[in-house]
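Accompanying notes for the structure given below.
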Amino acid sequence: MFSCWLSRLCRGLSTPTGRITHRIHGSLSRRLMLGSRRRIPELSSFVARTNTCGELRSSHVGQEVTLCGWIQYRRQNIFLVLRDFHGLVQVLIPQDESAASVKKILCEAPVESVVQVSGKVISRPPGQENPKMPTGEIEIQVKSAELLNACKKLPFEIKDFMKKTEALRLQYRYLDLRSFQMQHNLRLRSQMVMKMREYLCNLHGFVDIETPTLCKRTPGGAKEFIIPSREPGKFYCLPQSPQQFKQLLMVGGLDRYFQVARCYRDEGSRPDRQPEFTQIDIEMSFVDQTGIRSLIEGLLQYSWPRDKDPVAVPFPSMTFAEALASYGTDKPDTRFGMKIVDISDVFRNTEVEYLQDALSKPQGTVKAICISEGTKYLKRKDIESLRKFAADHFNQEVLPVFLKANRNWNSPVAKSIMEEQRSELIRLMDIQEDSVVLLTAGEHRKVVRSQHYDLVLNGSEIGGGSIRIHDAELQHYVLATLLKEDVKLLSHLLQALDFGAPPHGGIALGLDRLICLVAGAPSIRDVIAFPKSFRGYDLMSNAPDSLPPEELKPYHIQVSWPAESEAEKSSLNQPYHPES
């Protein structure tokens, strides 16, 4: 009945038969056309200003305008530069007696005060144009001004070229957000997310669904943040990702889900990681790896900023084995030219004991990397530092070989490398004079294979996902037998998979890391409005903070202080700036 009514309504809109229907159809089509044509947002709607500071051009000359913004700087009490989120504009401070009150406001207001000015757009005198400013051809002849809020002395100047410590920037984040770079990064982020929503929802029928942030503990993976409840001994956890929920949505027949999801991990911060972060979370039913890959290629191509080099599709791809074999990592930077080369066959009959021992094992290999002109840049101390790092972190020995200009091989193992082995090495690795070759040997590890895939950009992993296990029995086996996890924690998911779960798969893109790379920012903290510090602290609000015992009592929690930290306990009420 509903489908019949809907089809009649659609026919009525497309082929109007009466005056009322015609009016509805005409209004709707006009709105749709208007929406498709309108590309410039209404930046001054609903507010007191008529224009933004950055949009005025010579075409506006003669117009009466009202602008609101911050005083960027003032020169000789004649010129004032006003700034808002859209840009800068020069304001002429009136000098005649009749406008003394306007001059007083604009000359006495401290820099970074918020003002509103009204006046006429005029052309700058010939020769005084500023080609470096988009608004450099015009200025505002002020007639009235109002001081909306005076600014006190700032902890740092709001200028991008001023060097500020990150701790200071985070402590006064609301001031740091006024900088051009932060404004650009956050608006770029907003625009890309909006384009992603358009692509997923409007073009491909995805449903944007919020999932809970108070969850049950998830076995395995990263550490989770614990949230106490008022029930004794019972706790919530903040989700590492919406993984369980998006799979349950597939069981529920939603078919195509996505979410700009907040995720949480109780682990140390790094330049590309935060304790709370954002994912573009996606899941689909009846899909395979090829389908997910095509979706992501289209999503990034559609949402990629127009002022950047266009994204070419299809994306280059390689297997996990290929990535490890050529680059030694599962997130390779393909701009890195020095690939790892398997030279096992060269040393099958070697006299070097370390290499001989490795090749005697079933999965044993010898691999090497050639650093072109390495002898010019690498000192002995650099090589020793690298060897120590490999030994300490990977229990791996690295053998360096220096090839000098006279083609002499300088290495602890050089005497044991036969002439034919040298010739074959030179051919395989394209070794030139002054090259440094680093050799290592070991045994490949064998693993259980799954349908996982990652999206990597310039050596940074920005996305990862898999085709899920939709068979309850197989999922139970993997959790209990292979991963040794407590299956009771996921009993609800296993039960759901038994009730007609469709084949499904998905991916999550790390939004913070993606925007960081697109914006060319040095850290993901530069593309997040209010990030945590390197150690996970909010230096602006001093979080995390202590709570008095009476506030912990309803949660049945009592803090047990180590004896040696009594002094620290008394200092918890003081502002804490660990990075300053």
Candidate set from segment 122-135 (those that are in contact with a Leu (Cβ under 9 Å, 6 or more places away or on another chain) and more than 14 Å from residue 63 (Cα to Cα)); member that is least open to solvent (accessible area, probe 1.4 Å): 135
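Can you tell me which residue among 500, 506 is under 30 Å from residue 464 (Cα atoms), at pLDDT 90 or above, out of contact with any His (no Cβ under 8 Å at 6 or more places or on another chain) and assigned to a loop (DSSP other than H, G, I, E, B)?
500
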Are any residues in segment 513-556 closer than 28 Å to residue 228 by Cβ, touching a helix residue (DSSP H, G or I) at 6+ places or on another chain (Cβ under 7 Å) and surrounded by 19 or more Cβ atoms within 10 Å (Cβ to Cβ), and if so, which ones? 528, 531, 533, 539
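Would you call residue 470 in a loop (DSSP other than H, G, I, E, B), in contact with a helix residue (DSSP H, G or I) (Cβ under 8 Å, 6 or more places away or on another chain) and modelled with pLDDT of 85 or more?
Considered against the rule, which asks whether it is in a loop (DSSP other than H, G, I, E, B), in contact with a helix residue (DSSP H, G or I) (Cβ under 8 Å, 6 or more places away or on another chain) and modelled with pLDDT of 85 or more, residue 470 comes out as yes.
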Hits in segment 434-450 - residues which are surrounded by 12 or more Cβ atoms within 10 Å (Cβ to Cβ) and at pLDDT 75 or above: 434, 435, 436, 437, 438, 439, 440, 441, 442, 443
Can you spot a residue in segment 260-283 that is under 15 Å from residue 466 (Cα atoms), modelled with pLDDT under 95 and part of a loop (DSSP other than H, G, I, E, B)? no
Could you list, in sequence order, all residues of segment 451-483 that are under 23 Å from residue 286 (Cα atoms) and either basic (Lys, Arg) or under 26 Å from the mean Cα position of the chain (by Cα) (or both)? 451, 452, 453, 454, 455, 463, 464, 465, 466, 467, 468
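This table checks each residue for (1) closer than 30 Å to residue 544 by Cβ; (2) touching a helix residue (DSSP H, G or I) at 6+ places or on another chain (Cβ under 7 Å); (3) open to solvent by 70 Å² or more (accessible area, probe 1.4 Å).
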| position | (1), (2), (3) |
| --- | --- |
| 262 | yes, no, yes |
| 280 | yes, yes, no |
| 288 | no, no, yes |
| 297 | no, no, no |
| 305 | no, yes, no |
| 318 | no, no, yes |
| 322 | no, no, yes |
Would you please name the residue that is nearest to residue 433 (Cα to Cα), looking only at residues in segment 351-372 that are open to solvent by 70 Å² or more (accessible area, probe 1.4 Å) and assigned to a loop (DSSP other than H, G, I, E, B)? 372
Report, by residue number, each residue of segment 100-121 that is open to solvent by 40 Å² or more (accessible area, probe 1.4 Å) and in a loop (DSSP other than H, G, I, E, B). 110, 111
Cβ-Cβ below 9 Å, separation at least six or inter-chain, first residue in segment 314-332 and under 18 Å from residue 291 (Cβ atoms), second open to solvent by 80 Å² or more (accessible area, probe 1.4 Å) and not in a loop (DSSP other than H, G, I, E, B): which pairs? 314/293; 315/293; 317/293
Return the total of residues in segment 460-509 being touching a residue at least 60 places away in the same chain (Cβ under 8 Å), open to solvent by 20 Å² or more (accessible area, probe 1.4 Å) and more than 19 Å from residue 252 (Cα to Cα). 6
Considering only residues that are of a type outside the set (Gly, Ala, Ser), open to solvent by less than 40 Å² (accessible area, probe 1.4 Å) and part of a loop (DSSP other than H, G, I, E, B), which ones fall in segment 136-174? 151, 156, 158
Kindly indicate whether any position in segment 328-350 is open to solvent by 70 Å² or more (accessible area, probe 1.4 Å), over 30 Å from residue 453 (Cα atoms), of a type in the set (S, T, N, Q) and part of a helix (DSSP H, G or I). no
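The values are calculated or read from the model by the stated rules, or taken from the named source; none is laboratory data. Here the structure is a predicted model, which means the values were calculated and not measured. Neighbour counts are summed over all protein chains in view; Cβ atoms, including those assigned to glycine, are modelled from backbone coordinates with ideal geometry. With ligands, DNA and RNA removed, areas are computed over all heavy atoms of the protein, side chains included. Shrake-Rupley method; radii C 1.70, N 1.55, O 1.52, S 1.80 Å.
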